[in-house]
Amino acid sequence: MLIIKDLKVSVEEKEILQGINLEVKPGEVHAIMGPNGSGKSTLANVLAGREEYVATSGSVLYQGENLLEKEVDERAQAGIFLAFQYPVEIPGVSTANFLKSTVNAVRKAQGKEELNAVQMLRLMRDKIKMVGMDEKLLQRSLNEGFSGGEKKRSEMLQMALLEPRLAILDETDSGLDIDALRIVADAVNQLRSADRSFIIVTHYQRLLNYIVPDYVHVLYKGRIVKSGDKSLAMQLEEQGYDWIKEEADSVASL
Amino acid sequence: MSESMQTLEEHTRSDYKYGFTSNIESDVIPKGLSEDVVRLISQKKNEPEWLTEWRLAAYRHWLGMTEPKWPNVHYPPIDYQDIIYYAAPKKKEQLKSLDEVDPELLETFNKLGIPLDEQKLLAGVAVDAVLDSVSVKTTYKEKLSELGIIFSSFSEAVREHPELIRKYLGSVVPPTDNYFAALNSAVFSDGSFVYIPKGVRCPMELSTYFRINERNTGQFERTLIVAEEGSYVSYLEGCTAPMRDENQLHAAVVELYALDEATIKYSTVQNWYPGDKEGKGGIYNFVTKRGLCAGRNSKITWTQVETGSAITWKYPSCVLRGDNSVGEFYSVAVTNNYQQADTGTKMVHLGKNTRSTIISKGISAGFSNNSYRGLVKVGKKAENAHNFSQCDSLLMGDKCGAHTFPYLEVENKTARVEHEATTSKIGEDQLFYLMQRGLSEEDAVNMIVNGYCKEVFNELPMEFAVEAQKLLAISLEGSVG
């Protein structure tokens with residue numbers, strides 16, 4: 001599904017990712033953890049194609065194709081979904097209208113028939129139930145005045161509607177109370193399937209109480225310094241990041 | 001320049017799709033302006049003497065006036081002797097039905113997408129089409145006349161309803177009002193006249209399409225709408241012009257007159273040729289539009305979507321004389337490339353409990369300059385007047401300008417006046433978010449801009465709202481950053 005090789009990424013001329021290697025196979029859930037400033041969000045953004053994040057070397061293959069030369073919308077149409085840490089407000093654009101446009105844009109790009117209004121409404125109702133969102137939000141401007149929890153539900157709704165092949169959650173759990181956390185986790189768990197992969201970027205282990213990852217990677221100073229299974233996340237929860245930092249720094253100073 | 005800005009700027013190479021010319025034989029008078037020319041125009045239209053004199057008085061007044069220099073726009077001096085003041089499609093005899101109309105002319109209107117044919121009339125739009133100076137055909141007239149509604153070309157109204165024209169012509173915008181209004185009063189060639197009798201709700205949208213076709217002609221049309229007690233009318237106006245390298249002058253006057261409990265909605269989608277990408281050519285759109293809420297509880301709403309013209313200079317205004325009368329102004333003004341717009345409104349509160357709302361959305365792209373200029377005036381006797389103004393500017397790219405000039409004159413302490421203003425840029429964050437969900441860059445920009453203009457589009461009749469959205473998309477294709 002996704003093969004990242006020796007990827008280096010700069011933001012405003014500053015190298016943030018200093019050689020990332022990662023392979024994600026269909027159906028796998030990878031958690032990317034790490035202290036603040038380690039480059040977690042950079043990884044999420046460069047995969048989604050955000051302009052300021054410039055890949056200076058290395059390669060990213062997505063479904064056998066060079067991902068880095070695709071535009072943001074082409075990546076989305078090819079099934080890459082990024083759940084935002086801070087979903088953006090679009091005044092005057094109703095959530096329903098936005099959802100309809102995006103679902104059909106993606107369907108069209110994938111050669112599927114666009115949904116008519118009735119089919120769309122049925123689909124939305126179905127998925128809204130799944131993420132436990134208030135249907136009234138559909139008529140409001142996208143994300144405008146939404147509470148933190150509502151924004152996250154809206155992100156999960158979008159994920160459910162767009163049916164991505166690779167979903168990347170960029171600290172989606174930050175600032176969420178336990179109920180909202182469960183919403184996110186439930187959505188992910190329901191969408192887990194043999195041909196859909198997830199990359200979950202998170203600072204805290206607590207989300208991983210609800211979403212059990214296949215792999216946990218610790219990012220530090222722009223490199224993956226440790227990989228393991230869910231027990232690594234537990235260890236980080238108990239011991240914090242310091243031991244990892246020390247270990248990595250001592251290796252680096254050799 | 002960021003990559004997305006570049007991509008976006010590439011999209012701007014969209015062309016003006018109404019830029020064709022038509023080979024229609026015209027009756028054109030020589031260039032230049034003089035008392036003789038004013039008389040000639042009046043004579044060509046078989047006008048009564050009082051109207052000839054009215055024109056001449058306006059002309060003489062105009063001679064003593066100077067062109068306004070205060071708008072925030074720049075253009076070389078206009079040579080008023082280098083303009084043709086009258087051009088009319090030649091016709092051999094009076095036409096009885098659509099079948100007799102010059103096929104070239106019909107073709108022109110088809111290209112414009114004007115619903116002249118009967119099918120579209122069923123959609124409920126009655127059309128008066130003004131080509132260059134003359135009103136070519138007013139459709140649906142019989143049906144309207146059953147209700148006592150008059151919807152005709154201005155010339156015809158002068159012939160058929162001289163008493164109404166004499167009573168209301170210049171009653172809202174006097175010939176001496178300003179430079180361009182005076183010029184228009186002297187040389188106006190045609191336009192539309194609407195009269196809605198007492199208690200009648202006009203059952204369909206009335207619509208005029210203006211088209212400049214001849215080279216070097218100015219277009220000086222006049223629209224007069226009178227709504228009697230308790231009546232209602234919604235009026236739409238659309239405009240296009242061929243692509244010409246030289247600038248052409250359009251100086252129209254629109255007067256709205258609302259009596260007790262009457263409502264007039266006036267919507268404009270203005271898409272005059274804006275000039276090319278380097279700023280060559282395009283229409284100078286110097287227009288005076290004013291509505292008088294003469295009666296109690298009357299209401300006038302101006303809604304405009306302005307995407308065309310090289311230079312726009314217009315301030316559709318409301319004089320709220322009747323007690324409890326309401327004035328509204330909803331505007332989207334888009335400038336791209338080298339377009340300049342100085343536009344806004346005046347809300348003059350004279351009566352008690354008068355209310356006004358101003359929602360102005362400016363969008364600047366390319367190298368353009370977009371100014372909002374608005375006056376809210378509350379007179380001494382206007383107890384409990386209330387105004388709410390919201391002026392938003394959206395910038396696309398970093399070479400354009402947005403300016404806001406709000407003026408406030410309040411002479412009554414009970415007045416409540418609120419003003420809000422914002423300036424924003426289309427955010428990279430917004431674009432990235434929408435594109436990450438699979439929308440193309442163009443669709444993402446359109447979605448953001450349409451959302452921004454939503455409050456204004458909501459005021460437009462359905463058909464026009466769709467047209468306005470399309471127009472906006474064309475005008476702005478890719479001009480973001």
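Points to keep in mind about this one:
- Screening region A:156-254 for strands (runs of 3 or more DSSP E) wholly inside it with 1 or more residues that are without any contact (Cβ under 8 Å) to a residue 24 or more places away in the chain returns the ranges A:223-228.
- For region A:88-147, the set of residues classified as under 21 Å from the mean Cα position of the chain (by Cα) and either modelled with pLDDT under 90 or at positive phi (or both) consists of A:M130, A:V131, A:G132, A:M133, A:N143, A:S147, listed by residue number.
- Test: residue in region B:285-297 that is at pLDDT below 90, open to solvent by less than 10 Å² (accessible area, probe 1.4 Å) and within 30 Å of B:R201 (Cβ to Cβ): no
- Within region A:225-241, one or more residues are within 25 Å of A:M1 (Cβ to Cβ) and of a type in the set (V, I, T).
- Within region B:28-44, considering residues that are small (G, A, S) and at pLDDT 90 or above, the one nearest to B:A87 (Cα to Cα): B:S42
- Restricting region A:38-52 to residues that are within 12 Å of chain B (Cβ to nearest Cβ) and open to solvent by 10 Å² or more (accessible area, probe 1.4 Å), the residue that is farthest from A:R165 (Cα to Cα): A:E52
- Just one of (1) in contact with a Phe, Trp or Tyr (Cβ under 8 Å, 6 or more places away or on another chain); (2) touching a residue at least 24 places away in the same chain (Cβ under 8 Å) fails for A:T95. It is (1).
- Subset tally (residues that are basic (K, R) and in contact with a Phe, Trp or Tyr (Cβ under 7 Å, 6 or more places away or on another chain)) for region B:339-382: 3
- Taking region B:265-284 as the range and being within 30 Å of B:G351 (Cα to Cα) and open to solvent by less than 10 Å² (accessible area, probe 1.4 Å) as the test, the residues that pass are B:Y266, B:S267, B:T268.
- Selection count, region A:88-108, where residues are within 18 Å of A:G149 (Cα to Cα) and facing another protein chain (nearest Cβ under 7 Å): 2
- Residues being without any contact (Cβ under 8 Å) to a residue 40 or more places away in the chain, in a strand (DSSP E or B) and basic (K, R) - total across region B:347-391: 2
- Lone unmet requirement of (1) within 21 Å of A:R165 (Cβ to Cβ); (2) within 13 Å of another protein chain (Cβ to nearest Cβ); (3) open to solvent by 20 Å² or more (accessible area, probe 1.4 Å) for A:E65: (2)
- Summed over region A:68-87, residues that are away from chain B (no Cβ under 11 Å) and under 19 Å from the mean Cα position of the chain (by Cα) total 3.
- Members of region B:31-46 that are outside any helix (DSSP H, G or I) and under 26 Å from the mean Cα position of the chain (by Cα): B:K31, B:G32, B:L33, B:K45
- All of B:V348, B:V305, B:V334 fail the test of being over 24 Å from B:W272 (Cα atoms) and not polar (S, T, N, Q), apart from B:V348.
The values are calculated or read from the model by the stated rules, or taken from the named source; none is laboratory data. The shown structure was predicted, so the numbers you read here are calculated from the model rather than taken from an experiment. When we count neighbours, we look across all protein chains shown, and the Cβ atoms used for this are built from the backbone with ideal geometry, even at glycine. Keep in mind that these areas ignore ligands, DNA and RNA; they rest on the heavy atoms of the full protein, side chains included. Shrake-Rupley method; radii C 1.70, N 1.55, O 1.52, S 1.80 Å.
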